1. Report, by residue number, each residue of the range 210-221 that is surrounded by fewer than 19 Cβ atoms within 10 Å (Cβ to Cβ), in a helix (DSSP H, G or I) and touching a residue at least 24 places away in the same chain (Cβ under 8 Å).
2. Can you pull out every residue in the range 164-183 that is in a loop (DSSP other than H, G, I, E, B) and at pLDDT 65 or above?
3. Is it true that some residue in the range 184-192 is open to solvent by 30 Å² or more (accessible area, probe 1.4 Å), out of contact with any Leu (no Cβ under 8 Å at 6 or more places or on another chain), among the hydrophobic types (A, V, I, L, M, F, W, C) and at pLDDT below 60?
Amino acid sequence: MVSTAQSSYTDEQIAVWLRGLLTIAWADGHFDPEEQELINELTQNELAPKVELGEIEKISPQELSLALGEDSAMAENFMRTAVMVAIADGVYSSSEDEILHDFCVALELPPKILESLRVTLNYRPTSPGAPVNQTEQPTEPLKPLREWLDHLEVQDPRVARFLCKMIPPQCPFERDVKLFGQKVVHIPPMCKLNPLYDQLVGLRFRALTYLADECQEDVTKYC
C-alpha cells in the first residue's frame with residue numbers, strides 16, 4: 001500500500017500506537033486466541049505492512065509511555081483516538097475506562113479528561129416521544145470532551161486506515177463492525193443515539209480526507 005504523505009511519527013511509535021488502540025478494542029474480551037492471531041496478521045499485512053509489529057498483544061501503560069510519553073501533543077492525539085475506539089460501539093464500559101485511565105496517568109495527561117466520558121457509563125437515551133426531564137441534562141457534561149475530541153489531528157496513514165476500519169460508515173440498524181472479516185465491536189440499534197456519534201463521524205471523515213488528499217489513496221473500499 002503506497003502512501004505519498006510523510007508521517008509525523010516513527011515506525012516504532014506507530015507500532016505502539018496501534019497496539020494501544022487494539023488493547024482498547026479488546027478491553028471487553030470478545031476475542032479468542034485464533035481471532036487475535038488473524039487480526040494480528042492482517043493488521044501487519046494491510047494496515048502497517050512496513051512496520052515490525054511483532055506479536056500484537058495488549059500493551060502496558062509503561063510501554064506506551066516509553067514510546068509516546070515524551071511528546072505531549074502526540075500523547076494527547078493518541079488518547080483522542082483511544083477514546084474514539086472505546087466509544088465506537090456506542091457503549092463505554094468500566095473495563096475500557098480503567099485502561100484509558102491507566103494510559104492517561106502513564107502519559108502524564110490529566111485523567112480529568114475522562115470525567116465527562118464517565119457520564120456515558122450510565123447514559124441511556126430518552127425514548128422518542130417520552131417526556132424530557134428539564135432538570136436532567138445528561139449530555140451537557142460531555143461538551144468539554146466533544147471539543148477536546150474535535151481537535152484530533154490525523155497525521156499518519158496507518159492510524160487513518162485503522163480508524164476507517166474501526167468506525168463504520170453508517171449504522172442505521174444493529175450490526176457487527178468487522179476488521180478484515182473478524183468481529184471487532186457490536187453496534188447496538190440506533191447508534192446515532194450515542195452522545196458522541198458526531199465526533200466519531202467527524203473523525204472518520206478527517207481520516208478519509210487525509211488518506212485521499214494527503215496520501216493520494218483510493219478510499220472507496222472504506223465507503
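1. Selection gives Glu214 alone.
2. Across the range 164-183, the qualifying residues are Ile167, Pro168, Pro169, Gln170.
3. For the range 184-192, residues open to solvent by 30 Å² or more (accessible area, probe 1.4 Å), out of contact with any Leu (no Cβ under 8 Å at 6 or more places or on another chain), among the hydrophobic types (A, V, I, L, M, F, W, C) and at pLDDT below 60: present.
For every residue, the table says whether it meets (1) more than 29 Å from Leu68 (Cα to Cα); (2) modelled with pLDDT of 85 or more.
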| residue | (1), (2) |
| --- | --- |
| Gly90 | no, no |
| Gly129 | yes, no |
| Asn133 | yes, no |
| Leu145 | no, yes |
| His151 | no, yes |
| Arg161 | no, yes |
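The values are calculated or read from the model by the stated rules, or taken from the named source; none is laboratory data. Just so we're clear, the structure is a prediction, and the values are computed from it rather than from any experiment. Note that we place each Cβ from the backbone using ideal geometry, even for glycine, and neighbour counts take in every protein chain shown. These area figures cover heavy atoms from the full protein model, side chains too; ligands, DNA and RNA do not enter into them. Shrake-Rupley method; radii C 1.70, N 1.55, O 1.52, S 1.80 Å.
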